[in-house]
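The values are calculated or read from the model by the stated rules, or taken from the named source; none is laboratory data. This one's a predicted model, so the numbers in the text were calculated from it and none came from an experiment. Glycine gets a Cβ as well: all are built from the backbone with ideal geometry, and neighbour counts include every protein chain shown. Note: areas computed on protein heavy atoms with side chains; ligands, DNA, RNA excluded. Shrake-Rupley method; radii C 1.70, N 1.55, O 1.52, S 1.80 Å.
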Amino acid sequence: MKTPVTAAALAFIQRVGDLKQGTSPPDTTWYGYDIMANVWHLENLLDGKLGDLLQKVKGPIADIGCADGDLGYFLESEGREVDFVDWPATNWNGMRGVRTLHGLLGSAASITETDLDTYFELPRERYGLAFMLGILYHLKNPYFVLEKLASRCERIVISTRVAARTAQGLKLDAAPLAYLLDPSECNNDSTNYWIFSQPGLKRLVTRCGWEIEAWKTVGCTSGSEPAHLERDERAFALLRSTRVAAGV
């Protein structure tokens, strides 16, 4: 999908690629996945109106679980005030990537080390928008995190893995379920805790104080399950806090 936002994203990708050429974070590597591909997923989620959302948002933006920060730095390049929030122990390169890119870009964004698996605080009391992409299924207590964010963020864009069945073939998609993974059951990654059914994820976000403004899944949208990458399905959602609007 070609929009003004994706055109700006392509230019930013080229700029960052040139800056990264021949360099890397100290004693490690850059994040191994394409963070900026999320721009196209978000345009798809919002029917080409990501730019409208960004214009509507008032106040700073939080990039939570930011990897190397490419998405947040792109938003900063578009004139937004951005805070990065992540935890070195679970970040690909111990947050050295986001800090290195901060210097390469001459960024003014803040970088905060925060463990979402504890009783955490955010750098600010209020955010107009937050992004938390690919993080929810890595959290031990996604209910607490989503509920806490609903009291601080007017809107949030999330993505997370969902599945229609377990690796053993048990159906998940007919009920509001969260399936607790064995450490070896999903990419051999012990930080993968939860696979949600779509009804389960929708119930989770609404019970945590969010209303769903947009929802879409990508990847294997029929017969998805957690154990094989070719069966990977992801849900993307734009959520609006009912608690911030109510002053809770």
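Over what distance in Å are the Cα centres of segment 96-123 and segment 174-248 separated?
When both Cα centres are located, 25 Å separates them.
Residues with amide H under 5 Å of VAL162's amide H, sequence separation 5 or more or different chain, H placed in the peptide plane at 1.01 Å from N; which?
Amide H neighbours of VAL162: GLU233, ARG234, ALA235.
Using a Cα-Cα cut-off of under 18 Å, which aspartates and glutamates could be cross-linked to LYS58, ignoring same-chain neighbours fewer than 8 residues away?
GLU76, GLU78, GLU81, ASP83, GLU125, GLU154, GLU213
Which of the residue pairs LYS49/LYS140; LYS171/LYS216; LYS56/LYS202; LYS49/LYS216 have a Cα-Cα distance greater than 22 Å in the structure shown?
LYS49/LYS140; LYS56/LYS202
With just the Cα atoms of the chain, tell me how far they stretch along each of the three principal axes, in Å, largest first.
The Cα atoms of the chain stretch 50, 43, 39 Å along the principal axes, largest first.
With the other protein chains left in place, how much accessible area per residue, in square angstrom, belongs to the chain at a 1.4 angstrom probe?
Computed with neighbouring chains in place, this is 46 Å² per residue.
Please give the charge dipole size of segment 145-248, origin at the Cα centre, charges +1 on K and R Cβ atoms and -1 on D and E Cβ atoms. Round to the nearest 20 debye.
The calculated dipole for segment 145-248 is roughly 440 debye.
Apply the Karplus parameterisation 6.51 cos²θ - 1.76 cosθ + 1.60, with θ equal to phi minus 60°, to every residue of segment 12-21 and state each ³J(HN,Hα) to the nearest whole Hz, in sequence, with x for glycine and proline.
Listing the rounded values in order: 5, 4, 5, 4, 5, x, 5, 5, 6, 4 Hz.
Taking the Cα centre as origin and putting +1 on Lys and Arg beta-carbons and -1 on Asp and Glu beta-carbons, what dipole magnitude results for the chain, to the nearest 20 debye?
Around 680 debye, computed over the chain.
Relative contact order of segment 159-248, please, whole-number percent, based on alpha carbon pairs below 8 angstrom and at least 6 residues apart.
RCO, segment 159-248: 34 percent.
In percent, how large is the relative contact order of the chain, given Cα pairs closer than 8 Å and 6 or more residues apart?
Reported as a whole number, the value is 16 percent.
Taking trypsin sites (Lys or Arg not before Pro) as exposed when DSSP calls them loop (any state but H, G, I, E, B) and at most 14 other Cβ atoms lie within 10 Å, what is the longest stretch of the chain free of them, the sites themselves excluded?
My reading of the result: 141-248 is the longest stretch.
Restricting to DSSP H runs of at least four residues, report the calculated mean residue ellipticity at 222 nm for the chain, -39500 (n - 2.57) per run over all residues, nearest 500 deg cm²/dmol.
Rounded to the nearest 500, it is -8500 deg cm²/dmol.
Starting from the amide H of VAL82, placed 1.01 Å from N in the peptide plane, find each other amide H under 5 Å away whose residue is 5 or more places distant or on another chain.
Result for VAL82 returns ILE61, SER110.
With unit charges on the beta carbons (Lys and Arg positive, Asp and Glu negative) and the dipole taken about the Cα centre of segment 1-47, which residue among ALA7, PRO26, ASN38 sits farthest to the positive side?
So the residue we want is ALA7.
Evaluate the charge dipole of segment 182-226 about its Cα centre and quote only its size in Debye, nearest 20, assuming +1 on the Cβ of each Lys and Arg and -1 on the Cβ of each Asp and Glu.
Dipole size: approximately 260 debye.
Can you pull the percent of the chain's accessible area that's carbon plus sulfur, 1.4 Å probe, other chains left in place?
50 percent
Among ILE135, SER224, GLY209, whose Cα sits farthest toward the positive end of the charge dipole of segment 95-237 (+1 at Cβ of Lys/Arg, -1 at Cβ of Asp/Glu, about the Cα centre)?
GLY209
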